[in-house]
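Below is one structure, written out as structure tokens; comments come after it.
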Amino acid sequence: MNPPASSERTRDMRAYLNILGWAARLCGWLAMALLASAVIVVTQMVMIRYVMNGSTIWQTEYVIYSTTAAMMLGSPYVLALRGHVGVDVLVQAVGDGWRRVFNLIAAIASLIFVGAMAWSGFRFLAEAVHGGWTTDTVWALPLWIPFWPLPIAMALMLAQLLADIVLALRPELTPTTQGGA
């Protein structure tokens with residue numbers, strides 16, 4: 001393998017990981033905004049119900065959907081940061097070669113699960129859009145709105161897992177960080 005091809009692949013992998021990192025950060029910001037909006041809506045709901053003795057129509061549903069969306073949209077960000085909880089006593093006890101094997105097995109297993117979630121999410125999203133599905137509440141929220149975060153988040157996680165698999169199989173493509181970048 002000649003060095004220019006290897007450096008070109010490393011550059012391509014760095015660009016791919018940069019795009020994934022940007023998308024993951026965007027999802028993290030969206031998740032944070034959704035959680036903040038849920039807190040504001042809960043506060044408003046408490047004020048209306050208990051201070052003004054009024055009724056609420058959309059607030060409970062909004063809080064449920066926004067916190068669920070925040071959880072889904074936050075998952076690519078957590079995966080990109082390697083912030084998920086894992087039991088890695090065995091992985092840390094073995095050498096780099098076995099560590100790559102374990103990481104590869106975990107990435108492939110995750111890829112299967114996340115792929116199924118993405119496929120189902122896109123299918124339900126398409127059905128909700130084409131069928132004009134709405135919630136069975138007074139608010140009658142179109143269901144594509146709470147459905148879209150699942151397939152988008154899972155697709156981003158798929159892209160990250162594919163990168164993890166490539167890097168586990170081809171560690172020479174792992175971009176090196178320079179200058180604290």
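The values are calculated or read from the model by the stated rules, or taken from the named source; none is laboratory data. Worth saying up front: this structure is predicted, and the values here are computed from it rather than measured. We place every Cβ from the backbone using ideal geometry, glycine too, and count neighbours over all the protein chains shown.
Is there any pair linking a residue in segment 39-54 that is closer than 15 Å to residue 66 by Cα to one that is among the hydroxyl-bearing types (Ser, Thr, Tyr), with Cβ under 8 Å and at least six apart or on different chains, and which? From residues that are closer than 15 Å to residue 66 by Cα, the pairs are 41/62; 41/66; 45/56; 45/60.
Taking the criterion of being of a type outside the set (Val, Ile, Thr), in a helix (DSSP H, G or I) and out of contact with any Ser or Thr (no Cβ under 8 Å at 6 or more places or on another chain), the residues of segment 28-61 that qualify are 28, 29, 30, 31, 32, 33, 36, 44, 47, 50, 59. Exactly one condition in (1) hydrophobic (A, V, I, L, M, F, W, C); (2) within 20 Å of residue 64 (Cβ to Cβ); (3) modelled with pLDDT of 95 or more is not met by residue 126; state its number. Failed condition: (2). Hey, any hits in segment 124-143 for a residue that's within 22 Å of residue 19 (Cβ to Cβ) and among the aliphatic types (A, V, I, L, M)? No; the residues of segment 124-143 include none that is within 22 Å of residue 19 (Cβ to Cβ) and among the aliphatic types (A, V, I, L, M). Determine the pairs where a residue that is within 11 Å of residue 80 (Cα to Cα), located within segment 12-23, has a partner that is outside any helix (DSSP H, G or I) and at pLDDT 90 or above with Cβ atoms under 6 Å apart, the partner being 6 or more residues away or on another chain. Partner pairs satisfying both residue conditions: none exist.
When we screen 109, 140 for residues that are closer than 21 Å to residue 153 by Cβ, surrounded by fewer than 15 Cβ atoms within 10 Å (Cβ to Cβ), more than 13 Å from the chain's Cα centre (by Cα) and small (Gly, Ala, Ser), the only hit is 109. The residues listed here are 24, 80, 36, 31; of these, the one that is within 22 Å of residue 110 (Cα to Cα) and at pLDDT 95 or above is 31.
Within the option set 140, 155, being of a type in the set (A, V, I, L, M, F, W, C), in contact with a strand residue (DSSP E or B) (Cβ under 9 Å, 6 or more places away or on another chain) and either over 30 Å from residue 11 (Cβ atoms) or part of a helix (DSSP H, G or I) (or both) holds for one residue only, 140.
Just a yes or no: is a residue in segment 87-99 over 20 Å from residue 12 (Cα atoms), small (Gly, Ala, Ser) and part of a loop (DSSP other than H, G, I, E, B)? Yes. Remark: pairs (first residue in segment 89-110, at positive phi and modelled with pLDDT of 80 or more; second residue surrounded by 11 or more Cβ atoms within 10 Å (Cβ to Cβ) and not aliphatic (A, V, I, L, M); Cβ separation under 7 Å; 6+ apart in sequence or on different chains) are absent.
What tally of residues in segment 59-102 results from selecting those that are surrounded by fewer than 16 Cβ atoms within 10 Å (Cβ to Cβ), more than 28 Å from residue 136 (Cα to Cα) and within 14 Å of the chain's Cα centre (by Cα)? Summing the residues that are surrounded by fewer than 16 Cβ atoms within 10 Å (Cβ to Cβ), more than 28 Å from residue 136 (Cα to Cα) and within 14 Å of the chain's Cα centre (by Cα) in segment 59-102 gives 4.
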